[in-house]
Structure formats: C-alpha cells, structure tokens
Amino acid sequence: MQTTLEKPLTSRLRPDGEPTSVGEYERAGGYRGLRAALNMTPQEVTELVTRSRLRGRGGAGFPTGMKWSFVPMGKDAPHPKYLVANADEMEPGTFKDRVLMEGDPHQFIEGMAISAYAIEADIAYIFLRGEYALSARRLSRAIAEAYERRYLGRDILGSGYSLELYLHMSAGRYICGEETALLNALEGKRAHPRTKPPFPQVSGLFGKPTIVQNVETLCNLPHILANGADWFLGLSRTVDGGTKLFGVSGKVKRPGLWELPLGVTLRQILEEEAGGMREGTRFRGVLPGGASTDFLVEEHLDIPMDYTNVQKAGSRLGTGTMVVLDDKTCPVGMLWNLEHFFAQESCGWCTPCWSGLGWTEKILLAMEQGKAVQQDMETLRFQTKFLAPGNTFCAFAPGAVEPLQSALKYFAGDFQRHIEEKGCPWR
C-alpha cells in the first residue's frame with residue numbers, strides 16, 4: 001500500500017534519539033524503494049527521478065536526474081563507476097544531514113543503493129565529517145546490517161546487481177564541500193579543487209565516472225521509488241518536488257530543524273516553527289541557506305522558501321538551514337566571525353581566495369577594534385566584486401563574500417558607525 005506521509009524523511013525518527021534498526025526500518029516499508037528500483041532498468045529509475053523534480057539538497061540545487069544523465073552508460077562505459085555521498089557538512093549553521101544519519105541510517109543507505117544502481121556504480125563511499133563520531137558508529141552498524149540482509153554486496157536481492165559500500169572518515173576542511181576537492185581528499189591528496197571540464201560524471205574518483213550527492217538528496221530516493229513522482233511533487237508547494245529540512249539557529253524561541261513542504265514561507269518557518277524572536281530582541285535579517293548565502297531582511301519574510309523565489313530575492317536556498325541576526329547582535333562582528341572562518345578554511349589554491357578573504361577578515365577585525373578608516377568601506381565593496389563568480393578557481397570565495405555583500409547593502413549604517421565611533425557600538 002502506498003504511503004501518504006507528509007514528512008517522509010523524518011517520520012521514523014525516534015523520540016529517544018536512538019536509530020531505527022533494520023527490522024524497524026523494514027516494518028515501516030524500508031527497502032521497498034530499492035526493490036522497486038531493481039525491478040526497473042537504470043534508465044527507468046533516472047527517468048522517474050527526473051520526473052519527480054528532485055533537486056540537490058546540498059546547496060547548489062542541481063536537478064538530480066539530470067546530473068545522473070551525464071554519466072556514461074551501457075556496456076562500453078568505463079568501470080568501476082563510483083557514487084560518493086558528501087556527508088562532510090561543514091557549512092556554518094548547518095546540521096540537517098547529521099540528524100538523518102544518526103536517526104535513520106538505513107534510509108540513507110537505501111538511497112545510496114538506489115542512486116548507485118541508477119548510474120550502474122560498482123563502489124560507493126560515504127565521505128563523513130571526522131567530528132561526526134556518533135554518525136560513524138551508527139552508519140557502520142547499519143552498513144553491516146544491510147550486508148547481512150543482502151541490500152549491499154554481491155547480487156543484491158538476487159538481482160544480479162552488486163555494490164560495495166565503504167565509510168570514509170574525513171580529515172576535515174570546509175573546501176571538501178566542493179565536489180572535486182572532496183574527490184582529491186578521498187584519493188589521499190590535498191583537498192584542492194580540480195579544473196572542470198572534465199566533470200566528475202565523466203572523470204571523477206580515480207579518473208572514473210563519479211556522482212557526488214548530498215545526504216538529504218539521497219534520503220529522498222527510497223520514497224520516490226516506492227511512491228512515485230506524482231506523490232513526491234504533491235508534497236511541495238512549488239514546481240520542484242518534495243519536502244525540505246529547514247533549520248533555524250540564532251535568538252529565536254525554539255531553534256531546531258523541521259521537515260516542511262518545499263515552498264513554505266520564511267515567515268512561517270521563523271514564527272510558527274521557531275516561535276519567533278526571543279523576548280527583548282527584534283528580527284533584522286537571516287542567512288537563509290547557511291553562512292555562505294546573502295542576507296534576507298523583513299521585506300522578504302513572505303517569500304516561498306524554494307530555489308527560484310529565494311534566488312529572485314537576491315539570495316540562495318542553499319542548505320535551508322538559517323542563521324538569524326537580531327538587533328542585539330552586531331552585524332559587523334557577526335560578519336567578522338564568518339569571514340574569519342572562511343579565511344582559515346581557504347585551501348590556498350588561488351590568490352583571490354586566500355589573499356582576498358584574509359584581507360577582508362582583517363578589515364572587519366579593524367572595524368571591531370576601532371582601527372578602521374573610511375576607505376575601508378570601499379575596500380570591502382571592492383572585495384565582494386574581486387571575489388565574485390568567475391574570478392576564482394572554484395565557488396568557495398564567491399560564497400564566502402555573499403553574506404558580506406548583502407550586509408553592506410542592508411546594514412551599511414552599522415559599518416559606518418564602527419568607523420565614526422572608533423569601535424563596536426554593541427560593546
């Protein structure tokens with residue numbers, strides 16, 4: 001019987017925080033999607049996911065089925081092929097994938113098996129953030145259970161398809177969110193981005209066709225295969241399919257994470273789910289998709305939180321995990337904290353990034369310390385253009401200055417006060 005769950009990603013999360021066992025997962029309909037996929041051709045699985053309009057939940061929002069379609073298929077395709085799950089999750093303010101891996105690891109593993117089958121992958125890796133020790137323990141146990149039940153390994157469920165799945169603990173670095181830097185790290189090299197083309201779908205891990213996908217993206221696949229594209233589209237309030245994990249941190253009454261329809265408004269998330277601002281504080285702005293997205297302000301509270309409308313408002317949906325700025329927090333101090341992180345995490349591969357972010361961070365610190373001059377405002381504006389897309393080797397630096405460029409637009413008076421008053425007015 002088809003499910004009509006409104007929250008497929010989180011409906012099996014247990015109140016006590018313990019993970020679902022393989023038996024519990026099966027009784028709740030788990031691995032039904034994998035069985036359905038194995039009764040289809042890989043091309044049919046890709047077509048179904050394409051119709052569902054599932055877009056990547058890691059930040060870029062690229063259509064999943066389209067991404068798979070770039071992988072060489074058929075008897076003449078190079079092998080081995082690889083599927084890599086990006087479970088590094090180092091975006092400041094983001095904590096959604098950890099919840100899925102710790103609470104329902106078999107959902108994630110089933111999604112990996114489905115994605116691997118669709119691209120005819122032979123080997124899959126989970127590239128897991130090194131600090132996620134609890135996720136590692138629970139995933140290791142779930143992987144062993146999946147092998148025991150023949151959901152992984154040789155001749156999965158008698159289908160003739162085989163897949164080996166490995167858990168790889170990352171050594172860290174934010175740059176591993178860039179998929180080619182992740183692949184270099186997985187190969188044992190320094191985590192530097194690669195020149196594109198060739199793209200990973202054609203020449204990725206060890207020079208073979210590779211798909212890199214986010215954890216939340218993969219967790220949607222069992223439900224799409226079990227219930228169909230139309231069902232998945234019906235969960236959403238926008239043209240793209242499915243629900244989305246939305247998180248909120250900052251001075252709200254109920255910080256947390258919720259699974260909601262894609263297209264729910266920003267106001268609904270902040271006021272109904274997060275409970276509004278704490279007593280004595282007022283909303284000033286929000287980074288809607290993690291630290292590397294542009295601020296949205298009060299005029300944007302009623303926009304639908306989907307890929308298209310957030311972009312029209314001048315930001316990105318990103319990971320969907322929001323960082324709220326209130327009127328008791330210094331925006332310049334907040335920006336300094338973020339740019340300090342990004343400057344530290346630059347891989348140093350290209351000059352605009354390692355030099356430009358370091359320069360930016362020092363100017364913001366000078367403002368906080370009362371050492372800034374008027375010319376620093378123009379220098380910061382220059383940096384947001386100097387580090388714009390097309391001027392750096394990868395998207396790291398352009399993302400890093402997104403919160404800065406929007407803060408200079410919406411909170412310019414706060415920057416100016418730091419210069420005129422020789423220090424931070426919030427101290």
(request) Just need a number here: residues in the range 317-342 that are touching a helix residue (DSSP H, G or I) at 6+ places or on another chain (Cβ under 8 Å) and not in a helix (DSSP H, G or I). (result) 8
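Pick out, from the range 192-271, the strands (runs of 3 or more DSSP E) lying fully within it that include 1 or more residues that are of a type in the set (A, V, I, L, M, F, W, C), assigned by TED's automatic domain parsing to the domain that holds R57 and out of contact with any Leu (no Cβ under 7 Å at 6 or more places or on another chain). Lay out the reasoning, then the answer.
Values: elements: 210-214, 243-249, 256-261.
Per the criteria, no element qualifies.
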(message) Checking the structure you have, find out if any residue of the range 89-100 is touching a Lys or Arg at 6+ places or on another chain (Cβ under 6 Å), crowded, with 22+ Cβ neighbours inside 10 Å and assigned to a helix (DSSP H, G or I).
(response) no
(request) Test each condition in (1) touching a helix residue (DSSP H, G or I) at 6+ places or on another chain (Cβ under 8 Å); (2) touching a residue at least 24 places away in the same chain (Cβ under 8 Å); (3) more than 10 Å from A397 (Cα to Cα); (4) not hydroxyl-bearing (S, T, Y) for A313 and report the one that comes out false. (result) (2)
(message) As an exercise: evaluate T50 against (1) under 18 Å from the mean Cα position of the chain (by Cα); (2) assigned to a helix (DSSP H, G or I) and give the number of the one condition it does not meet.
(response) (1)
(request) Just give me the residues in the range 264-295 being without any contact (Cβ under 8 Å) to a residue 60 or more places away in the chain and buried (at least 21 other Cβ atoms within 10 Å of the Cβ), in sequence order. (result) V264, L266, I269, L270, A274, V286, P288
(message) Could you list, ordered by first residue, the pairs with Cβ atoms under 9 Å in which the first is in the range 334-352 and without any contact (Cβ under 8 Å) to a residue 24 or more places away in the chain and the second is surrounded by 21 or more Cβ atoms within 10 Å (Cβ to Cβ) and aromatic (F, W, Y), at least 6 apart or interchain?
(response) Q344/Y174
(message) For the range 65-103, give me each residue that is out of contact with any Asp or Glu (no Cβ under 8 Å at 6 or more places or on another chain) and either among the acidic types (D, E) or not assigned by TED's automatic domain parsing to the domain that holds I126 (or both).
(response) D76, D88, E91, E102
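Quick grid of which residues meet (1) at pLDDT below 95; (2) within 30 Å of E91 (Cα to Cα); (3) surrounded by fewer than 21 Cβ atoms within 10 Å (Cβ to Cβ):
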{"position": "T3", "(1), (2), (3)": "yes, no, yes"}
{"position": "L9", "(1), (2), (3)": "no, yes, no"}
{"position": "D16", "(1), (2), (3)": "yes, yes, yes"}
{"position": "A37", "(1), (2), (3)": "no, no, no"}
{"position": "V49", "(1), (2), (3)": "no, yes, no"}
{"position": "R53", "(1), (2), (3)": "no, yes, yes"}
{"position": "G59", "(1), (2), (3)": "yes, yes, no"}
{"position": "F62", "(1), (2), (3)": "yes, yes, yes"}
(message) Any residue at all in the range 97-113 that's touching a Ser or Thr at 6+ places or on another chain (Cβ under 8 Å), within 27 Å of F199 (Cα to Cα) and of a type in the set (K, R)?
(response) no
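Residues checked against (1) of a type in the set (D, E, K, R); (2) under 22 Å from H79 (Cβ atoms):
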residue: L205; (1), (2): no, yes
residue: N220; (1), (2): no, no
residue: H223; (1), (2): no, no
residue: R237; (1), (2): yes, no
residue: K244; (1), (2): yes, no
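The values are calculated or read from the model by the stated rules, or taken from the named source; none is laboratory data. Because the structure is a prediction, the values reported are computed rather than measured. Cβ: placed from backbone, ideal geometry, glycine included. Neighbour counts: every protein chain shown.
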